[in-house]
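**Q** Handing you this structure, nothing more for now.
Please treat every number below as a calculation from the coordinates, not as lab data. Since this is a predicted model, take the numbers as computed values, not measurements. No Cβ is skipped: glycine too gets one built from the backbone with ideal geometry, and neighbour counts run over all protein chains shown.
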């Protein structure tokens, strides 16, 4: 599903995004000048370990970063419009219509005192005005059907649904307005394996039917491989590698990417458990040079890695990496 | 049995348990005091015999009516039975008026004052608290709100005293005491003159109650709003681009208010106690004043009767709140089938 | 977008020396409230050395004197009795000096007993669960609904309590709130990771409660205690206001009662009820501050609201 790599086809363009979290002992650098793009119709996988800044980056796109976090700097162009330059009213209009969110904890993302139909409806009616009752009901039922939920969910309350069902309601809500971009923040992480499959399947179908562009955030490389077109790897607030999914698995250029791939358990062969030494550094105090160098076990590492911050650059066609060449 | 039915039965059962517990305590207390309380009552009657003509008949009627020579358990059961039928005995001071009659005269005044003042206090306090806890309340409003709380640590009866001194005695804007103008009597009439006088007399007592009550509710609601704001569904609500007003009400307040209902049920006892004292300060023709009359005159039956009725009223109010709660929180009524 | 350095605000706070995050117990509200309470306690012990407290007895001073700064009335104020006297010749300043610590004492005793019973019942109920929990919870809820004042009034009509007896009567009601609170805490803590670990490692129930759970509960308990003391002082005052308090020793509530009975309001003798009320307001406000301060310590989210972003 190759999308044309030119400006016209860009749904999302993130430029030099910097997000910090204030703590009593110093600012935590959550996003340190992150750049990436999403082209129309494609799915970009955003991977990295917990705390690497992927959720923060996603929230920043919608300007949903909560205090004590704050966006210091950066441009986020959705369909050519910079989200950072919008005022309150414009931002509210752009949210959900241009960019929608499938949140991480669907268990808690639904209002416990509102029926499902009302929660889907208010998103629609806020952006499209009052809708005639019958049409609205039709539309909601159709959305529920699209995500594989039975019609009776329409009248139910969130606590009456299982985890997987709640997640699918969130998917239905997100696609209701046919947004240009859907950000799915670890939609399957909180679910058991069987339900994960169902939800992943649902997302694929929805994506195919509606042709939405998607950012799929996760930390499971194996799952990502089945769902996305390109993968972007983040570590400690920095973008390390971006490449089409095939390329990144066949030829991972960044040592960290390599480690993530090696960590995928395999049914076919017995692999020794590869443990990545060390812990992520204190995010308030990044090491000089490449942020990954303290844990980098690559034979290509040089003294340069300690001094100079590597910049994300194109090494092969559409394959970007932030690592110093030999 | 459906879940809702079970819940309702539980709450009603609780009502009866509370009333029973209160009645038992009221029954036991006089019998714990040193000496024979019945003899004390009779002495009391006899000491007033100078004022009452037929004291001998009174005593005889008393003994006959209330079987004072029966064994204790029988007396207890009879007491419970009578209380439930609202037969609370004769007032010692106002014989042959029964306690029920006195209560019936004063209860409406208490209800009028209590219901209105509590409503304003709870609603107003929670509204202020919700606004205080909401991150997006305009700065101007947020800075004004703590003013509303300055009196929250002052007990209602003190506020009453202060208000009387300043606004009634000092400025003469409001009457110093009573619930209705002189000469108008305590039976409610729907004439403009009567209603106007009643309102005029009610202003200070109501102020005393809700100015002091709002603070507690505001603080509680503020805490709940802050907690609710941190919930995931609030983030999604914002991501959906919903209007701030809708997020505030349907997502914020609607969830934060639920524990406050429980809090209202729990503070009923305290609210009633405060009300009693305020009425006492204003000589308002309600249950508080009636209680005081009982105390001043050593009218034990009146004291007991008033206590019992108030306990029952409090338990009833709690029951009502408990029954309304499921209407607001679907997790109680709708259980996964 | 505004650029700020990575150090930003926290550096400034670090420079100020003490950060509220590192020393949450240094919460200003808590400190102010606690200081006032300590001063009142001191007043109870040392007051007699500063002012002649026998003047709190009836007929010890001239009658109906206004405070010393009121000179244009008959009789006029007298610096020997700075806060005035009542219609029985009791000096107001002496009344306050003896009455204020006395009220505090009642509150401490009642709240102390109440908390103790509450902790025992609450933990038992929350930790053991089952029918024990059901019984305790039901009885507590029923008892909570019954207005305290009514039962106390009914009781006091038959026996006039001394200060200590009154404190104990109040204690008979003071356990209700703490029991509920602690039960709720025990319930939620029971399932926490560290408690389950302790149970798995076969620690005795008592040691689990004391070692694992209590330290985390301390701020909650302290906040509850502050509110409890305040509430009990209020209840005692309410009883006294109806004339049912101790008659032998002067208390603030009874003083107000006498003043009302003598129509002090209508006679313009505001100092008679005004100063006791002021004293009580000071107590209530200080405990109120302590409770809020402790609340902020227990719930860091409330603290965060102060750390507003630009």
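**Q** Which three semi-axes in whole Å describe the equivalent ellipsoid of the stretch C:95-235, each the square root of 5 times a Cα gyration tensor eigenvalue, listed largest first?
**A** Working from the Cα gyration tensor, I get semi-axes of 33, 17, 10 Å.
**Q** Compute the orientation-averaged projected area for the stretch B:214-337 from the convex hull of its Cα atoms and round it to one decimal in nm².
**A** Working: hull surface 43.2 nm².
So the Cα hull casts an average projection of 10.8 nm².
**Q** When the Cα atoms of the stretch A:12-64 are enclosed in a convex hull and the volume is divided per residue, what value in Å³ results? If you can, show how the numbers build up before the last one.
**A** On the way: hull volume 4.3 nm³, N = 53.
Spelled out: Cα convex hull of the stretch A:12-64, divided by residues, is 81 Å³.
**Q** Continuing with this model, one more query. As an exercise, take the mean of 1/r over every pair of distinct alpha carbons in the stretch B:170-254, invert it, and state the Kirkwood radius in angstroms. Show your work: numbers first, answer last.
**A** Values: mean 1/r = 0.0594 Å⁻¹.
Taking the inverse mean of 1/r over all distinct Cα pairs, the stretch B:170-254 comes out at 16.8 Å.
**Q** Quick one: check the C-alpha center-to-center distance for the stretch C:63-121 versus the stretch A:158-217, whole angstrom.
**A** If we compute the Cα centre of each part, the gap is 68 Å.
**Q** From the mean inverse distance of alpha carbon pairs (Kirkwood) and the Cα radius of gyration, derive Rg over Rh for the stretch C:26-301.
**A** On the Cα set of the stretch C:26-301, Rg over Rh gives 1.08.
**Q** On average over all directions, what projected area in square nanometres does the stretch B:168-219 have, based on the convex hull of its Cα atoms?
**A** 4.7
**Q** Next question. Averaged over A:154-165, how many beta carbons belonging to a partner chain fall within 10 Å of each residue's beta carbon? Mind dumping the intermediate values first?
**A** On the way: counts 0, 1, 3, 6, 3, 5, 6, 1, 1, 0, 0, 0.
Going residue by residue through A:154-165 and averaging, the value is 2.
**Q** Using only Cα atoms, what is the ratio of the radius of gyration of the stretch C:43-115 to 2.2 N^0.38 Å?
**A** With N residues counted in the stretch C:43-115, Rg over 2.2 N^0.38 Å equals 1.31.
**Q** What does the helix-only formula give at 222 nm for chain C: each DSSP H stretch with n ≥ 4 adding -39500 (n - 2.57), the total divided by the residues, and the result rounded to the nearest 500 deg cm²/dmol?
**A** Theoretical 222 nm ellipticity from helices: -21000 deg cm²/dmol.
**Q** Sticking with this one: Would you work out if chain B is rounded, prolate or oblate? Take a ≥ b ≥ c from the square roots of the eigenvalues of the alpha-carbon gyration tensor; rounded if a/c is under 1.5, else prolate when a/b is larger than b/c, oblate otherwise.
**A** Oblate, because a/c is 1.5 or more while a/b does not exceed b/c.
**Q** On to the next question. What's the average, rounded to a whole number, of partner chain beta-carbon atoms within 10 Å of each residue's beta-carbon in B:16-28?
**A** Average per residue, whole number: 3.
**Q** Roughly how far apart, in whole Å, are the Cα centres of the stretch B:126-145 and the stretch B:156-175?
**A** 30
**Q** How long are the three semi-axes of the equivalent ellipsoid for the protein assembly as shown, computed from the Cα gyration tensor as the root of 5 times each eigenvalue, in whole Å, largest first? Don't skip to the answer; put the middle values down first.
**A** Values: eigenvalues 874, 207, 142 Å².
Its equivalent ellipsoid spans semi-axes of 66, 32, 27 Å.
**Q** Please average, across the residues of C:276-284, the number of beta carbons from any other chain that are within 10 Å of each residue's own beta carbon, and give a whole number.
**A** 3
**Q** Tell me, Kirkwood radius of the stretch A:171-232 from alpha-carbon pair distances, in Å?
**A** Taking the inverse mean of 1/r over all distinct Cα pairs, the stretch A:171-232 comes out at 12.0 Å.
**Q** Let me ask another. After finding the eigenvalues of the alpha carbon gyration tensor for the stretch A:73-152, what semi-axes result from the square roots of 5 times each, listed largest first in whole Å?
**A** 27, 16, 12
**Q** Calculate for chain A the 222 nm mean residue ellipticity that helices alone would give, adding -39,500 (n - 2.57) per DSSP H run of length 4 or more and normalising by residue count, nearest 500 deg cm²/dmol. If you can, show how the numbers build up before the last one.
**A** Values: 11 runs with 102 residues, N = 326.
Calculated from helices alone, the mean residue ellipticity at 222 nm is -9000 deg cm²/dmol.
**Q** Per the Kirkwood definition applied to all pairs of different Cα atoms, how many angstroms is the hydrodynamic radius of chain A?
**A** Details: mean 1/r = 0.0480 Å⁻¹.
For chain A, the Kirkwood estimate is 20.8 Å.
**Q** If all Cα-Cα distances of the stretch B:91-219 are sorted into 10 Å bins from 0 onward, what percent lands in each bin, rounded to whole numbers?
**A** In whole percents, the pair-distance histogram is 12, 31, 30, 19, 6, 2, 0.
**Q** With axes computed from alpha carbons, what is the tilt in degrees of helix A:133-146 against the longest principal axis of chain A, rounded to the nearest 10 within 0 to 90?
**A** Rounded to the nearest ten degrees, it is 40.
**Q** Can you tell me the 0 to 90 degree angle between the C-alpha axis of helix B:139-148 and the longest principal axis of chain B, rounded to 10?
**A** Its long axis makes an angle of about 10 degrees.
**Q** Could you work out the per residue convex hull volume over the alpha carbons of the stretch A:30-180, in cubic angstrom? Walk me through the numbers before you get to the answer.
**A** Values: hull volume 21.2 nm³, N = 151.
Considering the Cα atoms of the stretch A:30-180, their hull volume per residue is 141 Å³.
**Q** Now for a separate question. Take every Cα-Cα pair in the stretch A:111-178 and report what % of them are more than 13 Å apart.
**A** Considering the stretch A:111-178, 60 percent of its Cα-Cα pairs are separated by more than 13 Å.
**Q** Taking only Cα atoms, what is the 0 to 90° angle, nearest 10, from helix A:193-210's long axis to the longest principal axis of chain A?
**A** Rounded to the nearest ten degrees, it is 80.
**Q** While we're on this one: For the stretch C:169-257, what is the convex hull volume of its Cα atoms per residue in Å³?
**A** Output value, Cα hull per residue: 106 Å³.
**Q** If you don't mind, another one. So for each of C:217-225, C:88-96 I average, over its residues, the number of other beta carbons within 10 Å; can you give me the resulting order with the highest mean first?
**A** Numbers: C:217-225: 19.9, C:88-96: 22.3.
Descending mean neighbour count gives C:88-96, C:217-225.
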